[in-house]
1. If packing is taken as the mean number of other Cβ atoms within 10 Å per residue, what is the order of 123-135, 141-153, highest first?
2. Give me the mean projected area, in nm² to one decimal, of the convex hull enclosing the Cα positions of the range 90-141.
3. Just read off the accessible area of T12 with the full protein assembly in place, 1.4 Å probe, to the nearest 10 Å².
4. Any chance you could look up the accessible area of H91 with a 1.4 Å probe, heavy atoms only, rounded to 10 Å²?
5. Provide the solvent-accessible area of R121, counting protein heavy atoms only and rolling a 1.4 Å probe, rounded to the nearest 10 Å².
Amino acid sequence: MADPSLTSPSGTPLRSPNASLTLSFPFLREGSRVWEEGKQQPLPRNLPSPLPTKRTRTYSATVRAHSGPMFKGVCKNFSRSQGHGFIRPSHGGEDIFVHISDIEGEYVPVEGDEVTYKVSRVPPKNLKVQAVEVKITHLNPGTKHETWSGQVISS
């Protein structure tokens, strides 16, 4: 029991609550690590990608890429299901990574399509680059092209 001589700032005597107190620990809730201990750990493929997409790229990186020079190249490969591909630069050098969110236009690129692009550095070390603002300038003749909506067109 509380000491009857203790009072609150308003002058009312302080007393113990009638009901017992229960403590709730957030780590014991369903979905927590303690609760999920017996379940299998997620595989590495479920981890978020460290590559910046159009949505996650910082404003300053977007401005730097937009103000940079335009390059030409040829689509080496592109997988719509995986969401990325590579561009072979026309000036030579290493193939450049391209993310599906950075492709502008109505067609899904296929091997042999001529493209123009700008480059953006890939954090955190900024040693590699990825293609941004990718536009198909010339469709590879004799191949089937698909629009983003799924319509197939022969060129």
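The values are calculated or read from the model by the stated rules, or taken from the named source; none is laboratory data. Note that this is a predicted model, so its numbers are computed, not measured. Neighbour counts run over all protein chains shown; Cβ positions are idealised from the backbone, glycine included. Surface areas here come from the heavy atoms of the whole protein model, side chains and all, with no ligands, DNA or RNA. Shrake-Rupley method; radii C 1.70, N 1.55, O 1.52, S 1.80 Å.
1. Ranked from most to least packed, the peptides come out as 123-135, 141-153.
2. Values: hull surface 16.0 nm².
Mean projected area for the range 90-141: 4.0 nm², to one decimal.
3. 80
4. 130
5. R121 has an accessible surface of roughly 130 Å² with all protein chains in place.
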